[in-house]
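Below is one structure, written out as structure tokens, with a few remarks after it.
Each value in this text was obtained by applying a stated rule to the coordinates, not by laboratory testing. All figures in this text were calculated on a predicted structure; none of them were measured in a lab. Heads up, the Cβs are rebuilt from the backbone with ideal geometry, glycines too, and the neighbour counts pull from every protein chain shown.
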Amino acid sequence: MGEFNIDIQLDQLPNGYRYLSDLLLKNPRAKSGYSQVDHVVLTPFGIFVIETKNYQGIIYGSKERKTWLVNGKFKMMNPFVQNYGHIRALTSLLDKKYQDKFISMVSFTKRCTFKVDLDYRKIASNEIIVYDIE
């Protein structure tokens, strides 16, 4: 459902922007051998790689933790670590001149609240976390 909501928003991007959704890329570093990338958005400003999460409850996490918690009980992979794997898989397919153009973005639905590093909320970063209503 979260990915569908992002697709609706991406359909409204201006001319000159392109996006791909639900990509399956070979990734020898992943346990399955593949990376499933939710969205890649090509813009004049950079290549946004969006990981979409549709969790309900409180999300606890920080940059240095490999796993985050949902409601203090259930573990989930740090979505930025997950997205870093996606970006590495994408960079292996592209010319090296594009490697510094990637921006990692994680989108959560409004069904959750955050107890995560405030650094992820700074737009100046190349790692951004947003609610789907933003």
DSSP-loop chymotrypsin sites (Phe, Trp or Tyr not before Pro) across region 21-82, with at most 13 other Cβ within 10 angstrom: Phe45
Linear extension gain, Glu3 paired with Thr67, 0.36 nm per residue minus alpha-carbon span: 20.9 nm
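Calculate the FRET efficiency for Ser92 and Lys31 from the Cβ-Cβ distance with a Förster distance of 22 Å, rounded to the nearest 0.05.
0.80
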FRET efficiency estimate (nearest 0.05) - Cβ-Cβ, Val81 to Leu20, R0 30 angstrom: 0.85
